[in-house]
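Right, one structure below, let's go through it.
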Amino acid sequence: MTYNKKDFLEIVEKRNSNQPEFLQAVEEVLEDIIPFINENKKYQNKALLERMVEPERVISFRVPWLNDNWQIQVNRGFRIEFNSAIGPYKGGLRFHPSVNESILKFLWFEQVFKNALTTLPMWGWKGGSDFDPKWKSDNEIMKFCQSFMIELYRHIWPNTDVPAGDIGVWAREIGYLFWQYKRIRNEFTGILTWKGLEFGGSLIRPEATGYGLVYFVEEVLKNILNDNFIDKKVLISGSWNVAQFAAEKVIELGWKVLTMSDSSWTIYDKCWINKEKLEFIKELKNNKRWRIKEYIKEYKDAIFVENKKPWDIKEYIKNINIDIALPCATQNEIIDKDAKKLVKSGVKIIAEGANMPSTPEAINIYKKENIIYVPWKASNAGWVAVSGLEMTQNSLKYSWTKEKVDEKLKTIMKDIYKQCQIYGKNKEWKIDFVKGANIAWFVKVADAMLAQGIV
Ligand code: NDP
Ligand code: 2IT
């Protein structure tokens, strides 16, 4: 029996009627996967899709805690485990007021792609809470994390489920969660990743996403464009973690970074953001003098503009042709009119560092204009990949050097490229990376499920 997309979606909608984000994620993926199943007998009549969209377990729990004014607060905690066919559950915890079951199921769905594509034995899960860490004191964050872990610990083990961070959960929160777990179980294990270096964290963790993104772009240049790698002009958005380390790698390769931005300002520097200038930007962030416009006080040749994006470059630096755009700031930062501007700038490759930075309309423009487009689910997998490497180091009770982790990250990004190449070949494009990533994920998970029976 083959699948019909419309009929299958109706079934999923009936069972998840109040979960728009999850339904959107499923629909997007079915576009590539259903034709693939319909062409491959091996995957037919096994209810694979029906099983893949149904979680193994959904857990929701109460998180009571006491704020600094001695008032009792109650939040909702979640943990969604979908399928453990290829390894322990692995993924981030998000603390944000928007967190609900639909958002976590959508994020899980996307996490699965990244995890499967890394080729490491990790399956996706997502967890978190509607707790809002903004404006909370350190003490309140710690109290919340401790209460959250008092429930979460029942469900996680080093070979079962290993959380990391996501929005609202960074090194500080991971430290508090780790200590509480250790106190409850009286056991020092790699139960969380993104830990501090002092207690089992991995080197290259902060760099992983930005570096991994640029490693992927190198593969595209080498294999698709057969390019000489000289003097590439690059637009980068954002100026925090992902953007800074993407810029660092780009500069190391001798390419030219022309822009960086924050949520209010963009700087356009026709004399390039070199190593020294990037250090200045890093320092701005570290000192909490965090507006990118401070740059202009030091580097007077640059232009800074409010409410503009790197993709507006042609308005400020004429006679320039861009080779590569790396959106590293936020979701939906490239809408259709931005995509048109990118086309005009001459861009040849768009590779995503942020989660979901291009809208569907923008992606259609890339396709129409034959721009090589690498979606985030393939190009920002460096993040969770280094989490996987942290788990390995923890089980070995050993720490690899920076060089060793970096080398492994590079190999993983090359492997993701190869998987997209195998499954994403397309008549109009040399490689359709969206299709490639979707099918590579499906094949890996479906084969593992088929081998393990009715799971
Ligand atoms: P941040 O969220 O701290 O950085 C975001 C950067 O983008 C900041 O410079 C921020 O500026 C800027 N920004 C935010 N909103 C806008 C906007 N509307 N327009 C322009 N710039 C904006 O963290 P990260 O660097 O860690 O994350 C960036 C993206 O990458 C996110 O989508 C994240 O989910 C994704 N990601 C991050 C990974 C990681 O390893 N950290 C891994 C994989 C994906 P401002 O200071 O003004 O807020
Ligand atoms: O979206 C992501 O890849 C993450 N939040 C990272 C998850 C992890 O386990 O490192």
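The values are calculated or read from the model by the stated rules, or taken from the named source; none is laboratory data. Keep in mind that what you see is a predicted model, and the values were worked out from it rather than measured. Quick reminder, even Gly has a Cβ in these numbers, built from the backbone with ideal geometry, and neighbours come from all protein chains shown. Please note that ligands, DNA and RNA were not included when accessible areas were found on the heavy atoms of the full protein model with its side chains. Shrake-Rupley method; radii C 1.70, N 1.55, O 1.52, S 1.80 Å.
Name the residue that is nearest to ligand 2 (Cβ to nearest atom), counting only residues in the stretch 238-256 that are buried (at least 23 other Cβ atoms within 10 Å of the Cβ) and assigned to a loop (DSSP other than H, G, I, E, B).
By that ranking, first place goes to 238.
If you scan the stretch 318-363, which residues turn out to be of a type in the set (D, E, K, R) and part of a helix (DSSP H, G or I)?
336, 337, 338, 340, 341, 344, 361
(1) in a loop (DSSP other than H, G, I, E, B); (2) of a type in the set (S, T, N, Q); (3) touching a residue at least 40 places away in the same chain (Cβ under 8 Å): which one isn't true of residue 98, the others all being true?
(3)
Pairs only if they're at least six apart or on different chains, beta carbon under 6 angstrom, first in the stretch 166-193 and more than 14 Å from residue 129 (Cα to Cα) and in contact (Cβ under 8 Å) with a residue 40 or more places away in the chain, second open to solvent by less than 10 Å² (accessible area, probe 1.4 Å) and assigned to a helix (DSSP H, G or I); list them, first residue then second.
193/387; 193/390
Restricting attention to the stretch 179-208, report how many residues are among the hydrophobic types (A, V, I, L, M, F, W, C), open to solvent by 10 Å² or more (accessible area, probe 1.4 Å) and within 19 Å of residue 148 (Cα to Cα).
Final tally of qualifying residues: 4.
Go through (1) open to solvent by less than 40 Å² (accessible area, probe 1.4 Å); (2) of a type in the set (Val, Ile, Thr); (3) at pLDDT below 95 and name the single condition residue 412 misses.
Checking residue 412 against (1) open to solvent by less than 40 Å² (accessible area, probe 1.4 Å); (2) of a type in the set (Val, Ile, Thr); (3) at pLDDT below 95, the one that fails is (3).
Within the stretch 257-267, track down each residue that is buried (at least 21 other Cβ atoms within 10 Å of the Cβ) and over 11 Å from residue 239 (Cα atoms).
Passing the criteria: 257, 258.
Looking at 440, 385, can you tell me which residue is part of a helix (DSSP H, G or I), more than 16 Å from ligand 1 (Cβ to nearest atom), in contact (Cβ under 8 Å) with a residue 12 or more places away in the chain and open to solvent by less than 30 Å² (accessible area, probe 1.4 Å)?
After ruling out the rest, the residue left standing is 440.
Could you check, for the stretch 355-369, whether at least one of its residues is surrounded by 24 or more Cβ atoms within 10 Å (Cβ to Cβ) and within 16 Å of ligand 2 (Cβ to nearest atom)?
Within the stretch 355-369 (the criterion being surrounded by 24 or more Cβ atoms within 10 Å (Cβ to Cβ) and within 16 Å of ligand 2 (Cβ to nearest atom)), the answer is yes, since at least one residue qualifies.
Quick one: is residue 18 at negative phi, without any contact (Cβ under 8 Å) to a residue 12 or more places away in the chain and open to solvent by 60 Å² or more (accessible area, probe 1.4 Å)?
The answer is no for residue 18.
If residue 59 meets every condition in (1) modelled with pLDDT of 90 or more; (2) within 15 Å of ligand 1 (Cβ to nearest atom); (3) closer than 30 Å to residue 455 by Cα apart from one, which number is that one?
Condition not satisfied by residue 59: (2).
Search the stretch 268-304 for residues being farther than 16 Å from residue 238 by Cβ and of a type in the set (Val, Ile, Thr), and hand back the single one that is most open to solvent (accessible area, probe 1.4 Å).
Looking at the filtered set, the residue picked out is 303.
Which members of the stretch 162-178 meet the condition of being within 13 Å of ligand 2 (Cβ to nearest atom), open to solvent by 20 Å² or more (accessible area, probe 1.4 Å) and part of a helix (DSSP H, G or I)?
171
Among the residues of the stretch 327-341, which ones are more than 15 Å from ligand 1 (Cβ to nearest atom) and crowded, with 23+ Cβ neighbours inside 10 Å?
Selection gives 339 alone.
It is to be established whether one or more residues within the stretch 98-106 are out of contact with any Ser or Thr (no Cβ under 7 Å at 6 or more places or on another chain), more than 12 Å from ligand 2 (Cβ to nearest atom) and farther than 24 Å from residue 445 by Cα.
Yes, because at least one residue in the stretch 98-106 is out of contact with any Ser or Thr (no Cβ under 7 Å at 6 or more places or on another chain), more than 12 Å from ligand 2 (Cβ to nearest atom) and farther than 24 Å from residue 445 by Cα.
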